[in-house]
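This report refers to the structure that appears directly beneath it.
The values are calculated or read from the model by the stated rules, or taken from the named source; none is laboratory data. Because the structure is a prediction, the values reported are computed rather than measured. Virtual Cβ from ideal backbone geometry, glycine too; neighbours counted across all protein chains shown. The protein model used for the area step is the full one, side chains on, heavy atoms only, and it has no ligands, DNA or RNA in it. Shrake-Rupley method; radii C 1.70, N 1.55, O 1.52, S 1.80 Å.
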Amino acid sequence: MSKLATTPDLLRLVLPVLRARDFRLYTAGGRRLVDLWQNGGAAILGHTPPSLLRELKNTASRGLYAPFPHFLEGRFCKALSRIFPGREFRLYAAPPPELEALFAAGTAALWRPFTDPAAPLAVEQNAPPALIPVVPGIQLWRGDLPLGLCVLAIAPGFTAALAPPDFLPPVLLSCAARGMYDLIAAAPQRANPQYPRIAKALKNSPWQRRGLYLTLRHSPSQEEWAALFSRFLDNGFLLPPASSQPAILPGILSPGEEANLAGLLK
């Protein structure tokens, strides 16, 4: 049994992960976990998308780890423009310090795909002028904001002063560009997996669903979320380590996994 944790770093309750495949994690001791966190959404297409892994291997084999200028920055921005037409893109290795004030003012927000099955990659008309896309690929997290690769998609006319953009390692840019194109290609299939048992469980549940995302109807305390994290972990499911991040339905669940998850959501 996993113990109750009240620290934000709930991932320390997870045994070392030895490998990941699709939407499942395999840990020391032979445990298998269904990943409902999916690295904050960076693994929303799974942990082993073949084209992304091939892109990573090819770019890394050329030694492109250092943050040099590279044409892959343009390729990544071109991929972004397929979803955010007309916006300007700024790339950072970490969220610029100005973001905190922009979030507080409501002029910046995270953008996640697949919140609406009917329009899986749509940007809402009333979206803030500064959007931070969750990018499939290699993306780390500090709280609710991405590290290693942080993108601002800025609407025309947005005048807030921002730090100059960073140069990013081409190995990250190649994965990010491939990830965006894979996201576009996967949209019709990935946007709305059919899980009838989960749909039934959610009818009378403290959880609610929007697209692929599951959130609690109330804002839990740190202790409540830690207890939920431990309960799900004991039953073979990994929740996000912070309650501010949504759980994400996997693209693949066995009938047994679906039944177990439906039971946990009641």
>> Every residue in the range 100-151 that is within 14 Å of residue 176 (Cα to Cα), assigned to a strand (DSSP E or B) and open to solvent by 40 Å² or more (accessible area, probe 1.4 Å), please.
In response: 140
> Considering only residues of the range 243-266 that are open to solvent by 30 Å² or more (accessible area, probe 1.4 Å) and touching a Leu at 6+ places or on another chain (Cβ under 8 Å), which is modelled with the lowest pLDDT?
Replying inline: 243
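Filter the range 70-99 for residues that are among the hydrophobic types (A, V, I, L, M, F, W, C) and in a loop (DSSP other than H, G, I, E, B); which is modelled with the highest pLDDT?
We begin by selecting, within the range 70-99, every residue among the hydrophobic types (A, V, I, L, M, F, W, C); these are 71-72, 76-77, 79-80, 83-84, 89, 91, 93-94, 99.
Imposing the further condition that a residue be in a loop (DSSP other than H, G, I, E, B) reduces the set to 71, 84, 93-94.
Numbers: 71: 89, 84: 97, 93: 94, 94: 93.
The selected residue is 84.
For the range 12-69, enumerate the residues that are in a loop (DSSP other than H, G, I, E, B) and at positive phi.
So the first thing to find is which residues in the range 12-69 are in a loop (DSSP other than H, G, I, E, B), and the list is 14-16, 22-23, 28-31, 36-37, 42-49, 61-69.
Passing the criteria: 22, 29, 30, 46, 63.
Any residue in the range 230-237 that is over 22 Å from residue 203 (Cβ atoms), touching a Lys or Arg at 6+ places or on another chain (Cβ under 8 Å) and assigned to a loop (DSSP other than H, G, I, E, B)?
First, pick out the residues of the range 230-237 that are over 22 Å from residue 203 (Cβ atoms): 230, 233-234, 236.
If we keep only those that are touching a Lys or Arg at 6+ places or on another chain (Cβ under 8 Å) too, we end up with 230, 236.
When the remaining residues are screened for being assigned to a loop (DSSP other than H, G, I, E, B), the result is 236.
For the range 230-237, residues over 22 Å from residue 203 (Cβ atoms), touching a Lys or Arg at 6+ places or on another chain (Cβ under 8 Å) and assigned to a loop (DSSP other than H, G, I, E, B): present.
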